[in-house]
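Trainee: Would you mind keeping the following structure in view while I ask a few things?
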Amino acid sequence: KKLTVAVVGATGAVGREMLKTLHDRQFPATEVRAFASARSAGTKVPFGDDELVVQELKEDVFEGIDIAIFSAGGSTSEKFAPHAAHAGCVVVDNSSQWRMDDRCPLVVPEVNPEHLEGHQGIIANPNCSTIQMLVALKPIHDAVGIKRIVVSTYQAVSGTGQKGLEELERQTRDLFNMREPENKVYPYRIAFNVLPHIDVFLENDYTKEEMKMVNETVKIFNDPTVKVTATCVRVPVFYCHSEAVNIETHKKMTAKECRILLSQAPGVRVFDNPREKMYPMPAYCVGDDETYVGRIREDETIENGLNLWIVADNVRKGAALNAVQIAEELLRRDLVRVPDRNVFMS
Ligand code: A2P
Ligand code: 11C
């Protein structure tokens, strides 16, 4: 059966990984098309052993496309996703544009795949920091109920896309060559530095990235009683976000019980043996699909609490892989269709 898939933003850091993920997982597409801005039209991007010619994204390109996976920024999604849905093409969107829209399910396949039922044409892929945290916390929430989450992140520059990767590389080179590094992407130097600032500051003095973790968690868990507070930090690492997570639960769970529970959880790999110096680190998790969890300890300052250290490849599970898994789940559930093509056109 014919199945045409598009990657929008195919020249970007996430878009390239999406093409690689579709190929590696042998996604059953009969045709894959690559789109980006007019700047890249006619250039080529790798797809397995082949190359795809990049086409310019326009409003009328979606006719005949069944699924479009977007990773081209919020404004591109805002403008083009409704046209895709209008053409009967189901959108899986990696930007923050549609995440909190009531019409759009926000899905991590290991956590809330059932939210895909009844979708109206646009499905949102959560923020990378939220995805890896919830893959690890969902089994704990189901077992003992999570009351409160306190999270601090250590986020890689690839979260900013290709330009973030280039900035860290260039600044590192400049410093080694005794040149003053220029800040083009971040407000301050990222090489050999740490920035407690991701995305824009909001009225409440939190950043947008921090509030994404708060609001997306409530929507994905479908549980307004879960309290989340976050500090999001950019570190000079190319790939993989790390998170120090403290949770308070309704019922007691020991560290040992947590290790056993998570070792059976989908998408999770427990990597935790202090005596053997085993704990997850970005340099060793790059390119992997799993969310790694280590440093599992009981919080000795409260009755029912745990500390965890969670690491995952932000470009893979945090973006490309999660989006492709959503597409796979849509196929499995026979949901590759748009019931009403006008929902997003007003
Ligand atoms: P292009 O390379 O043509 O600019 P990253 O997050 O790594 O910076 O990648 C962003 C992706 O989004 C790129 O593929 C980029 O294409 C694409 N993109 C940015 N703006 C647009 C637009 N207006 N229309 C289509 N694609 C866009
Ligand atoms: C970062 N988490 O690491 C961001 C990237 O809302 O999709 C993804 C931003 C988003 O900078």
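The values are calculated or read from the model by the stated rules, or taken from the named source; none is laboratory data. Not measured: the values here are computed from a predicted model. As a convention, Cβ positions derive from the backbone with ideal geometry for all residues, glycine included, and neighbour counts pool all protein chains shown. Heavy atoms of the whole protein, side chains included, go into the accessibility calculation; ligands, DNA and RNA do not. Shrake-Rupley method; radii C 1.70, N 1.55, O 1.52, S 1.80 Å.
Trainee: Considering each residue of region 130-161, count those that are touching a Gly at 6+ places or on another chain (Cβ under 6 Å) and open to solvent by 10 Å² or more (accessible area, probe 1.4 Å), and give that number.
Mentor: Adding up the residues that qualify gives 1.
Trainee: Starting from region 260-272, take each residue that is within 19 Å of PRO113 (Cβ to Cβ) and list its partners that are in a loop (DSSP other than H, G, I, E, B) and open to solvent by less than 80 Å² (accessible area, probe 1.4 Å), counting only C-beta distances under 7 angstrom and pairs at least six apart or across chains.
Mentor: PRO266/GLU110; GLY267/GLU110; GLY267/GLU290; VAL268/GLU290
Trainee: Out of everything in region 329-346 that is at pLDDT 95 or above, out of contact with any strand residue (DSSP E or B) (no Cβ under 7 Å at 6 or more places or on another chain) and hydrophobic (A, V, I, L, M, F, W, C), what residue ends up being most open to solvent (accessible area, probe 1.4 Å)?
Mentor: By that ranking, first place goes to LEU331.
Trainee: Going through ALA156, ALA136, ALA124 one at a time, which residue ends up being closer than 17 Å to PRO280 by Cα and within 16 Å of ligand 2 (Cβ to nearest atom)?
Mentor: Only one candidate qualifies: ALA156.
Trainee: Any idea which of GLU56, GLU51, GLU78 is free of Cβ contacts under 8 Å to residues at least 60 places away in the same chain and either within 16 Å of ligand 2 (Cβ to nearest atom) or closer than 26 Å to ASP334 by Cα (or both)?
Mentor: Working: GLU56 fails: either within 16 Å of ligand 2 (Cβ to nearest atom) or closer than 26 Å to ASP334 by Cα (or both); GLU51 fails: either within 16 Å of ligand 2 (Cβ to nearest atom) or closer than 26 Å to ASP334 by Cα (or both).
It is GLU78.
Trainee: Here are some residues: GLU167, GLU182, GLU110. Which one is touching a Pro at 6+ places or on another chain (Cβ under 9 Å) and open to solvent by 20 Å² or more (accessible area, probe 1.4 Å)?
Mentor: After ruling out the rest, the residue left standing is GLU110.
Trainee: One residue is enough: does region 309-320 have a residue meeting the conditions more than 21 Å from SER77 (Cα to Cα), open to solvent by less than 50 Å² (accessible area, probe 1.4 Å) and out of contact with any Leu (no Cβ under 9 Å at 6 or more places or on another chain)?
Mentor: Yes, some residue in region 309-320 is more than 21 Å from SER77 (Cα to Cα), open to solvent by less than 50 Å² (accessible area, probe 1.4 Å) and out of contact with any Leu (no Cβ under 9 Å at 6 or more places or on another chain).
Trainee: Another question, then. Where the second residue is among the charged types (D, E, K, R) and the first is more than 10 Å from ligand 1 (Cβ to nearest atom) and lies in region 1-26, which pairs have Cβ atoms under 6 Å and are six or more apart or on separate chains?
Mentor: LEU3/ASP66; THR4/GLU31; THR4/ASP66; ALA6/ARG33
Trainee: Restricting to region 153-168, name every residue that is part of a loop (DSSP other than H, G, I, E, B) and within 8 Å of ligand 1 (Cβ to nearest atom).
Mentor: GLY161
Trainee: Something else now. Return the residue satisfying two criteria in turn: it lies in region 215-268 and is among the polar types (S, T, N, Q) and away from ligand 2 (no atom under 16 Å from the Cβ), and of such residues it is most open to solvent (accessible area, probe 1.4 Å).
Mentor: GLN264
Trainee: List the pairs whose first member sits in region 33-48 and is in a helix (DSSP H, G or I) and among the aliphatic types (A, V, I, L, M), whose second member is open to solvent by 40 Å² or more (accessible area, probe 1.4 Å) and near ligand 1 (Cβ under 9 Å from one of its atoms), and whose Cβ atoms are under 7 Å apart, counting only residues at least 6 apart or on separate chains?
Mentor: What qualifies is ALA38/GLU56.
Trainee: Let me ask you something else. Being assigned to a strand (DSSP E or B) and either away from ligand 1 (no atom under 14 Å from the Cβ) or among the aliphatic types (A, V, I, L, M) (or both) is the filter here, so list the residues in region 49-64 that pass it. Let's see the steps before the verdict.
Mentor: To start, the set of residues in region 49-64 that are assigned to a strand (DSSP E or B) comprises 50-56.
Once the filter is applied, which keeps residues that are assigned to a strand (DSSP E or B) and either away from ligand 1 (no atom under 14 Å from the Cβ) or among the aliphatic types (A, V, I, L, M) (or both), region 49-64 yields ASP50, GLU51, LEU52, VAL53, VAL54.
Trainee: Considering only region 85-107, state which residues are in a loop (DSSP other than H, G, I, E, B), in contact (Cβ under 8 Å) with a residue 24 or more places away in the chain, more than 14 Å from ligand 2 (Cβ to nearest atom) and surrounded by fewer than 22 Cβ atoms within 10 Å (Cβ to Cβ).
Mentor: ALA87, GLY88, ARG103
Trainee: If ILE326 meets every condition in (1) open to solvent by less than 20 Å² (accessible area, probe 1.4 Å); (2) in contact with a Leu (Cβ under 6 Å, 6 or more places away or on another chain) apart from one, which number is that one?
Mentor: (2)
Trainee: Could you list, in sequence order, all residues of region 280-302 that are without any contact (Cβ under 8 Å) to a residue 60 or more places away in the chain, on the phi < 0 side of the Ramachandran plot and of a type outside the set (A, V, I, L, M, F, W, C)?
Mentor: So the first thing to find is which residues in region 280-302 are without any contact (Cβ under 8 Å) to a residue 60 or more places away in the chain, and the list is 280-281, 283-290, 292, 294-302.
Next cut, on the phi < 0 side of the Ramachandran plot only: 280-281, 283-286, 288-290, 292, 294, 296-302.
Of everything in region 280-302, those that are without any contact (Cβ under 8 Å) to a residue 60 or more places away in the chain, on the phi < 0 side of the Ramachandran plot and of a type outside the set (A, V, I, L, M, F, W, C) turn out to be PRO280, TYR284, ASP288, ASP289, GLU290, TYR292, GLY294, ARG297, GLU298, ASP299, GLU300, THR301.
Trainee: For region 114-150, give me each residue that is more than 11 Å from the chain's Cα centre (by Cα), more than 19 Å from VAL228 (Cα to Cα) and in a strand (DSSP E or B).
Mentor: ILE122, ILE123 - these are the residues of region 114-150 that are more than 11 Å from the chain's Cα centre (by Cα), more than 19 Å from VAL228 (Cα to Cα) and in a strand (DSSP E or B).
Trainee: If the Cβ limit is 9 Å and pairs must be 6+ apart or interchain, which residue in region 123-149 that is over 30 Å from GLY74 (Cα atoms) pairs with which residue that is of a type in the set (Phe, Trp, Tyr) and open to solvent by 10 Å² or more (accessible area, probe 1.4 Å)?
Mentor: Listed by first residue and then by second, the contacts come to HIS141/PHE221; ILE146/PHE221.
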